[in-house]
């Protein structure tokens, strides 16, 4: 029994070292992880609510009390990007997925103002990636870093992926973009996404399994090398007035900040951390033993944004944006419930327009065209 308790104590101590920054502070343990967990739980509850909605659609009799949660649109970034490009081209904010456009625009604005906090405070995939690499450190004693040359080549992949999507969307004629946004595939893409994750194929399980193992071995493998959403935010963050700033007169050059950074940024060698890989996770600031040496600053070098305030601003921004959009009537989609049910009933026959241009999923030639709901 004593041996078991000693081993348990050893593993708990090892886990504590795996998750903790070099210097322990209260918010290092609770603030960001609490907000991350809250957004993960929100995502799970949202998925369950959406599943309840889909189950109601599967009943023979249409339940007009069935409510689709609009926030699901926030999990469709490609559709939201198309909506934003369409808005820039035409000045028209489409009503097919308004919540998606609101959330996507909010994230871009927050990234411009406060850097990539979405990745390290909000994104459930970023949180899962972080949990995985901490688990890997617990199991293997450390995480592995690819050589710098290989790391740079791998990081370019996410920019190539984003560049492909962005080029394809931007080059679309405005009319084609309009038809795609109002087409059957886009209107039902939330259900397609849910069913994909709810009924993973053997191939998908293998792919996710490989990504999971790699994420345990290498910090933020998905986020660092493959996420096109992160690539977009990285590009936007370059122009951000916010950054971690280092005071050389107070810094002793110990390198703790660089060791704590999950994105391999050499913080202790820079006066201003301008790397697009910075996700405003505050781990470098929290690890610093000299409190005046590092701070997350806005605009001028003497303005400081504490981690607690950053977290409050992040959560408040999402709540405010959602409530404001709802109050202005730009939150719920314009797809009538009977149409959505009809689309859902033939969801397995609706394919991406580029995959099967003659399928029922083809972008409508006329935005008023719909499937029959009789």
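The values are calculated or read from the model by the stated rules, or taken from the named source; none is laboratory data. Only a predicted model underlies this, so the values are computations on that prediction, with no experimental measurement involved. Ideal geometry is used to build each Cβ from the backbone, glycine not excepted, and the neighbour counts take in all protein chains shown.
Can we say residue 240 is crowded, with 19+ Cβ neighbours inside 10 Å and closer than 22 Å to residue 47 by Cα? Against the criterion (crowded, with 19+ Cβ neighbours inside 10 Å and closer than 22 Å to residue 47 by Cα), residue 240 does not qualify.
Taken together, the criteria place residue 157 among residues that are more than 15 Å from the chain's Cα centre (by Cα), within 16 Å of residue 214 (Cα to Cα) and assigned to a helix (DSSP H, G or I).
Please pick out the residue among 32, 51 that is over 14 Å from the mean Cα position of the chain (by Cα), assigned to a helix (DSSP H, G or I) and within 22 Å of residue 240 (Cβ to Cβ). Please lay out each step first, then the result.
Numbers: 51 fails: within 22 Å of residue 240 (Cβ to Cβ).
Among 32, 51, only 32 is over 14 Å from the mean Cα position of the chain (by Cα), assigned to a helix (DSSP H, G or I) and within 22 Å of residue 240 (Cβ to Cβ).
Residues in the range 88-108 that are free of Cβ contacts under 8 Å to residues at least 60 places away in the same chain and part of a loop (DSSP other than H, G, I, E, B): 91, 92.
In the range 259-266, is there at least one residue being in contact (Cβ under 8 Å) with a residue 12 or more places away in the chain, assigned by TED's automatic domain parsing to the domain that holds residue 285 and in contact with a helix residue (DSSP H, G or I) (Cβ under 6 Å, 6 or more places away or on another chain)? Taking every residue of the range 259-266 in turn, at least one turns out to be in contact (Cβ under 8 Å) with a residue 12 or more places away in the chain, assigned by TED's automatic domain parsing to the domain that holds residue 285 and in contact with a helix residue (DSSP H, G or I) (Cβ under 6 Å, 6 or more places away or on another chain).
Could you tell me whether residue 85 is in contact (Cβ under 8 Å) with a residue 24 or more places away in the chain, buried (at least 16 other Cβ atoms within 10 Å of the Cβ) and more than 17 Å from the chain's Cα centre (by Cα)? Yes; evaluated as a whole, the condition is true for this residue. Only one entry in 111, 127, 135, 203 is assigned by TED's automatic domain parsing to the domain that holds residue 316, in a helix (DSSP H, G or I), surrounded by fewer than 17 Cβ atoms within 10 Å (Cβ to Cβ) and in contact (Cβ under 8 Å) with a residue 40 or more places away in the chain, namely 135. Residue count for the range 276-290 under the criterion of being touching a helix residue (DSSP H, G or I) at 6+ places or on another chain (Cβ under 9 Å) and in a loop (DSSP other than H, G, I, E, B): the result is 9. Taken over the range 288-343, the residue count meeting the criterion of being outside the structural domain of residue 80 (by TED's automatic domain parsing), farther than 23 Å from residue 35 by Cβ and buried (at least 18 other Cβ atoms within 10 Å of the Cβ) is 1.
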